[in-house]
Every structure is written in C-alpha cells, then in structure tokens.
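A.B. asks: Just passing along the structure, written as structure tokens.
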Amino acid sequence: MKDDIPNLKDFDKRLRDEAGEEPTLEVPQGEPTSKTQIIAIYGKGGIGKSFTLANLSHMMAEQGKRVLLIGCDPKSDTTSLLFGGKACPTIIETSTKKNLAGEQVKIGDVCFKRGGVFAMELGGPEVGRGCGGRGIIHGFELLEKLGFHDWDFDYVLLDFLGDVVCGGFGLPIARDMAQKVILVASNDLQSLYVANNVCSAVEYFRKLGGNVGVAGLVVNKDDHSGEAQAFAKAVDIPVLAAIPQDDDLRKKSANYQIVGTEKSQWGSLFAGLAEAVGAAPPVRPAPLDQDGLLALFDGSDTGEGVTLEPATDEDMRGKNAAPKESLEVVYDDA
C-alpha cells in the first residue's frame, strides 16, 4: 500500500528551491520531441473552459484527429458536458476504491469515449478534506503508471482551473508537460485578471528555463465591447476565436448539447478554432501590471479617482479610542 502513496515531499522541496532561485533571461528553445500536442487550457471558473474544450475536442475528432480530453478541474464539468451530463468516474476516486480493494486501476475504469473523443477526469478531494493541487499531482502520477507517455494521440487537451496557479494546477507550465497554453476569457475584469495571472506564471517559468508558451486567447460570451481583444493585443498573444454571447449557445450548453460538430450552425466556428489551436505557436506573453490591466476598461467602471486614505490607530479602536493616561514622567525645567 505504501508504494501506491505518492511522495510529494521531494516535489514540494523542488518547487521551493525553484522559487528561491534568481531567474535568468536565457531561455533554451527547442522543438517538441513528440508529435502529440499537449495543450493546457486555463481560465476563470465559470468562464466557459469546459464548454469550449468539450466542443473543440469533438470537432477535432470529427476532423479525423485522435484526441484525449483530460478534465483537471475538481468540478469535473468537462466530461459531464461531453457525455451529455452523465458523471464520469474520476481517476482519484477510482484509484482510492481500487487500492482499498487491493486491485489495480485499468484504462477502462477511468477512460471513456464519445464521438471519437477519449476522455477522463482527474477529479479532486472531498470538500474541505484535501488540496486540489495535490490531487492533480497524484492523478498525473497514476496516468504515468497507466502508460501515458506511450499513448498515441494527435492532441491531449487539459482543462485546468485558472483562478489559482499553484504547484498542482500550474504543473503543465512548471514542468513543461504541455507545449502551449490557451486562455479562455470574456470582456470582464475578473476573467482577464485570471488570464493575466496565467501569463505571469508562463513568463516566470520561461525565465527559469521553461519552454511553455501561450498560443492565444479564446473570447467566450463575446459582447463586442472589445476589452478581451485589447488585452490580447497588450500582452502580445493572438485571439484564436470569439464565441458570441448568444442565447442558443447558452441553452445548448446548459442542456449538455454538443455544438462542436458540422451538424450544428456553430460547426464552422469550432472548425476554425480547431485549425487555429493546432497551428498557433507558443509565444512568450508580456503580462500587465495592475494599472495596465485596469487601463483596458472605462475608468468609471474600475474605481478611477479613488485614493487610498490611511487609517489611524483611533480609527481602529473606534469607541475605545479615549486617550489613555500616560505613564511618562515629566520633569519641570530647572
């Protein structure tokens, strides 16, 4: 049983040692050694990563590509959308049950197919009972035992939570597990804040010698206000597709219907996205500082003119702010 428990102490130490190193601007460049494109998709929770990925993977499979979709978000909503709302047994949950029963996990226990897409969910710990990032680490260790590096796919798509780029969720960036990152965002400050954070993570690890780059931005629920496009231009990454804010898309997504197919009126949109994703090279982004990010929006919407007024000790003590008698000894002048 002990052999099945991942040793995360060494991993934690490596991350701490890495964070303490002075970054160098010398970045070794090289072509990926595998024909498989491993692509990590990041975005704010609820922004539409899973919707985008489920439909993108389905379209890629329709185009004759071999695609593996791996959900790496504890919500496990990627495969739910692909499988019409049906929950997919997660790798972490299945691994726990099999270990307790003294059995080995098999591919058929965790990987399922629909429309030519192979899909699985890493899953996460029960609420309040563990770290989602560590669950990601454990999940990928199990994938390696199942033969991940010997699998034959054109694309492996990883759906990652982008709100927190910690040691686990940042694994594809920190460990060069992916060749490129795709961002999903909308025309709102919070989703672009997350996208900018991911760009910062990519840039940090590039300075440490990493090779992962950002292939581009997918604008979801595009209302044509232009902030997401302005962000992409500012950080020097391309816009791969703009998915409109449309009631038909909203309803189909809510009902777990796939629109990434030539049978759908949205087929050409996802066909174009599939081509762009495959061809877009990983580039080094130029993340913005907080003021630069806020400058993309109308000042009236982002607190323009607000100044920081320092608080005082009296402010903090409120009704307890009555002056206290001093114990200082005061001597009269001689």
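A.B. asks: At 7 Å along Cα-to-Cβ for each site, give me the label-to-label distance between E144 and A279 in nm.
C.D. replies: About 3.6 nm, to one decimal.
A.B. asks: Taking a 1.4 Å probe, which of Y42, Y155 shows the most accessible area, and what order do the others take after it?
C.D. replies: Y155, Y42
A.B. asks: Could you pull out every one of the lysines with an alpha carbon less than 27 Å from that of K35, ignoring same-chain neighbours closer than 8 positions?
C.D. replies: Answer for K35, where 27 Å is the Cα cut-off: K49, K65, K106, K113, K145, K180, K207, listed by chain and number.
A.B. asks: Additional query: Could you tally up the Lys pairs in region 218-271 with alpha carbons closer than 19 Å? Skip any pair fewer than 8 positions apart unless they're on separate chains.
C.D. replies: Close lysine pairs under the 19 Å cut-off: 5.
A.B. asks: Taking 7 Å along the Cα-to-C-beta vector as the label spot, tell me the H224-K86 distance in nanometres, rounded to one decimal.
C.D. replies: A separation of 4.0 nm, rounded to one decimal place.
A.B. asks: How long is the gain from T96 to R317 if the chain were fully straight, where each residue apart is worth 0.36 nm and the alpha carbon distance is subtracted?
C.D. replies: Full extension of this stretch gives 74.4 nm more.
A.B. asks: What number do you get for region 51-104 when its Cα radius of gyration is normalised by 2.2 N^0.38 Å, N = residues?
C.D. replies: 1.36
A.B. asks: If you add up the charges near A40, with Lys and Arg at +1 and Asp and Glu at -1, over every other residue whose beta carbon is less than 9 angstrom from its beta carbon, what do you get?
C.D. replies: 0
A.B. asks: Below 13 angstrom from the Cβ of V239, what's the summed charge of the other residues (Lys, Arg +1; Asp, Glu -1)?
C.D. replies: Once all neighbours under 13 Å are counted, the net charge is -2.
The values are calculated or read from the model by the stated rules, or taken from the named source; none is laboratory data. None of the values given here were measured: they were computed from a predicted structure. Virtual Cβ from ideal backbone geometry, glycine too; neighbours counted across all protein chains shown. Accessible surface is based on the protein model in full, side chains and every heavy atom, while ligands, DNA and RNA are left aside. Shrake-Rupley method; radii C 1.70, N 1.55, O 1.52, S 1.80 Å.
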